[in-house]
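The structure appears right after this line, and notes come after that.
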Amino acid sequence: MKKTKRVVFILTLSFLAALLYGGHLYASSYHVSFSDGAGRRVVIDRQPSRVVSLVPSVTDIMVALGIKDELKGLTYHDSLAGEKELVGGFLYPSVEKIEALKPDLIFVASIHRDVIERLKDRAAIVELNAHSIEDIYRNIRIVGRIFQKEGEAEKLVKAIKEEIELVAKKLSPIPREKRKRVVRIMGGNGVMVPGDDSFQLDYIRAAGGIPLTTGKSGEVVSITKKEWIEFNPQVIYACNKKSRAMDIIKNEQGWKDVEAVRKGRIFFFPCELTCRGSVNAGYFVSWLASTIYADEFAEKPVLKEGLLSSKPVGVELDYILRARVDHSLVGDFTNKTLVVEFKEPMRVLSTLEGWREGVRFVGNHYIPPQNWTLSHRMGLKRFRKKVYRAIGMDERESSFLFTGADMDNLSIVRKAYKDLVVYALVTAGVKSNALRASKDTGSFYEPGTINIIILTNARLSARAMSRAVITATEAKTAALQDLDIRSSQSPMRNQATGTGTDNIIVVEGRGVKIESAGGHTKMGELIAHSVYKGVREAIYRQNGITQGRSVFQRLKERGIELSALLRGEGFDGVDRRRVLSSLEALLMEPEYASFVETALTISDAYEDGLIGELATYRLWCRTIAEKIAGESIETVEPLVSNKDIPVVIRNAFDGILRGLLIRLEK
């Protein structure tokens, strides 16, 4: 017996030793070396666990590979900015804030010379630039190696390549002489384009276009009117609708006379896609190609249409047979459809279709951007038939909504009280066409951006179903206003009440009879709570917008760029870059960020006529200016020259910038 105990004791010690020392040996065996985008030899002997990324395109790669916990610091341009510590903007990150995070790895760009010099002995410095699509593949593989995600990296590269190859197949019948001349417009005071060594020219080529080459290198280069006229672009695209460049192109002689302007072939895409050489390369190239060659993309598909896969989702009510998300091929691209199947036919109320009887399937169908032109050309009725064929649905017993919000970002919310249960199935996107009812113009129609399906464990009367639409709409609008979602048409002055294309389906259901679903009823309360939470969750998943997002993001949502605040005469002879860097640093301090956030709230109230006098507020602006300057200021003279910016916000930045200028002069 003693011998047995001794053997067990020895084996236990051996096992513990293996755990302790084996783990150490495994950790010490980590070794990665490579040449980064700057040609710098990088050697990393311990897997990084505290990473600061100053490059949004690299942040996107990390997120796509499932590397989020290691990220500790980001710029305010990143999609995860609301979840991680901010270290400033891309152009002027704060070395002090980076240093405080004690990083073991920092991803940088070539402009971050100060960061590189000051922190190169404290952390691994990696520069991953992209001048081509091949460089994007290289960067993905390097990040995969650093974090031991080589397999995931190869899958990601493969997916991008396959999407670009699909575009090439779809465009192969187009001869060289019929390829379109395409220009990407960049930011700046004049008309600027990408240099010849930019990945953006690779995007245009991959999308079947002929890019403008200037013989100049660089991320942004200038172009003359003569070069513009000689190239005569047939398609123009950008990510900023309101810029000095767009004003010139649309209004000035010579610039406005090219084919693209005359024929209205100017398009806008999200900056996160156009400006980043990263994981969305295939997605953007295919979207761009479908825009440049709308007719060709609408013709016979290359791939066979039909159902690809199905995944169950959790919606549990007695009358539901199953709920799932289907992936299908429609027009060569993956569409995604939420499908809820009932055990028996029932009545539904759809704001897209009206009253429907005998419905066995309700759903919400995601149309990817590559199919938007196809769906618009076919019209809703024909495109709906095409979708139903692809996923094997009978139009007579199906009632679906359609959306441009990805079904991967679906929010399913369940609320209950005693025996009552309500589900809200919500998709939402608010960046492209949010508007304020009664203020903004409705000039086009697209099926729903915020789509809501309401299911209960009760049997709703026709009256209750109709009232549920109002209750859900009120809850949706409350969610938008509590998040300060801005109108896409008038963002500086108006919150959004919806997107103008929202739709709701209310299902009759089975169970106890309910005659009302207004806000004062328990059923109405549950509908309101589930919709409110669902809209907020869906907006976060689709657009990354949270209540606690940074003041930088909130200003951007209103169309206010910090650099644009410095264009007035008051900044003549001043180092604007130094002022901008100082302004960014100031707005990372809670006191001044909160001051600007308060100014945004006061601005909305003033514009709505709820505040009549600003004298006390202006005294506060002067106090802020004096605190920043470190001395008394008699009056705060106007510095922000853009009169499109509401007066309350101008006053706030007049105070901040006046104080900054005095401080910097010292």
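Helical runs assigned H by DSSP (4 residues or longer) give the chain a calculated mean residue ellipticity at 222 nm of -12500 deg cm²/dmol, each run adding -39500 (n - 2.57) before division by the residue total.
In a simple Cβ point-charge model (Lys, Arg +1; Asp, Glu -1; nothing else charged), the range 169-299 has a dipole of about 220 debye relative to its Cα centre. Computed over the alpha-carbon pairs of the range 188-306, the distance histogram in 10 Å steps reads 12, 43, 34, 8, 2, 0 percent, short to long.
Shown for W287, W620: other C-beta atoms within 10 Å of each C-beta, ranked fewest to most, produce the order W620, W287.
Within the chain, the cysteines lacking any other cysteine Cβ closer than 4.7 Å to their own Cβ are C275, C621. Length gained on full extension, A615 to T334: 95.5 nm, using 0.36 nm per residue less the C-alpha separation.
Look at the alpha carbon pairs under 8 Å that are at least 6 residues apart: their mean separation over the length of the range 32-129 gives a relative contact order of 31 percent. Hull volume per residue, based on the alpha-carbon atoms of the range 306-543 and their convex hull, is 115 Å³. Taking the Cβ-Cβ separation of H520 and S33 as r and a Förster radius of 60 Å, what is the calculated FRET efficiency to the nearest 0.05? Between H520 and S33 the formula returns 0.35.
Computed over the chain, relative contact order equals 8 percent, with contacts defined as Cα pairs under 8 Å that lie 6+ residues apart. For the range 369-398 versus the range 272-310, the spacing of their alpha-carbon centroids is 17 Å.
Applying a DSSP loop filter and a limit of 14 other Cβ atoms within 10 Å to the GluC sites (Glu not before Pro) in the range 277-317 leaves E299, E316. Cα-based values for the range 32-137, radius of gyration first and Dmax second, are 12.7, 35 Å. Ranking S33, L619, S310 by Cα position along the charge dipole of the chain, where only Lys, Arg, Asp and Glu carry charges on their C-beta atoms, puts S310 farthest toward the positive end. Across the range 57-210, C-alpha contacts under 8 Å between residues 6 or more apart give a mean separation that, scaled by the residue count, equals a relative contact order of 17 percent.
What the phi angles of the range 360-375 give under the Karplus curve with 6.51, -1.76 and 1.60, with θ = phi - 60°, is a coupling list of 10, 9, 10, x, 9, 10, 8, 9, x, x, 5, 9, 4, 4, 4, 5 Hz, glycine and proline written as x.
Residue by residue, the range 110-122 carries 3J(HN,Hα) couplings of 4, 6, 8, 4, 5, 4, 4, 5, 7, 10, 5, 8, 10 Hz when phi is fed to the Karplus relation 6.51 cos²θ - 1.76 cosθ + 1.60 (θ = phi - 60°); x denotes Gly or Pro. Our estimate of slack between K169 and E637, defined as 0.36 nm per intervening residue step minus the Cα-Cα distance, is 162.4 nm. For the peptides 420-426, 607-613, residues were scored by their other Cβ atoms within 10 Å and the scores averaged per peptide; the highest-first order is 420-426, 607-613. Quick check for you: which residues of the range 400-423 have the amide N under 18 Å from the point 7 Å beyond the Cα of D482 toward its beta carbon? Counting backbone N atoms under 18 Å from the label point, the list is 411-417, 422-423.
Full extension of the chain between S461 and K627 gives 53.6 nm of extra length, using 0.36 nm per residue less the Cα-Cα distance. Label zone of D196 (point 7 Å out along Cα→Cβ, amide N under 20 Å): in the range 223-249 this covers 223-233. Under the simplified labelling scheme, the V95-E591 pair shows an inter-label distance of 2.5 nm, with each label point 7 Å from Cα along Cα→Cβ. About its Cα centre, the chain has a charge dipole of approximately 1740 debye under the convention of +1 per Lys or Arg Cβ and -1 per Asp or Glu Cβ, with nothing else charged. Picking from A294, V340, L410, whose Cα lies most toward the positive end of the charge dipole for the chain (charges on Cβ: Lys, Arg +1; Asp, Glu -1)? So the residue furthest toward the plus end is V340. Across the range 255-268, computed HN-Hα scalar couplings (Karplus, 6.51 cos²θ - 1.76 cosθ + 1.60, θ = phi - 60°) run 4, 7, 8, 6, 4, 4, 6, 4, 9, x, 9, 10, 10, 10 Hz from first to last residue, x flagging Gly and Pro.
Dipole magnitude for the range 560-665: computed about the Cα centre from +1 point charges on Lys and Arg Cβ and -1 point charges on Asp and Glu Cβ, it is near 240 debye.
Bridging of K169 to lysines at a Cα separation below 19 Å is possible for K158, K161, K178, K180, K300, K304, once same-chain residues fewer than 8 apart are set aside. With a Förster radius of 56 Å applied to the C-beta separation of Q47 and S563, the computed FRET efficiency comes to 0.90. One quarter of the surface of the convex hull around the alpha-carbon atoms of the range 560-665 equals 6.4 nm², the direction-averaged projected area.
Look at D318, D60 and count the other Cβ atoms within 10 Å of each Cβ; fewest to most, that gives D318, D60. Take E259, project a point 7 Å from its Cα along the Cβ direction, then tell me which residues of the range 283-320 have their backbone nitrogen under 18 Å from it. So the set is 289-297.
Taken together, the values in this text are just the output of simple stated rules run on the coordinates, not laboratory data. This one's a predicted model, so the numbers in the text were calculated from it and none came from an experiment. With ideal geometry, Cβ positions are generated from the backbone for all residues, glycine too; neighbour counts draw on all protein chains shown.
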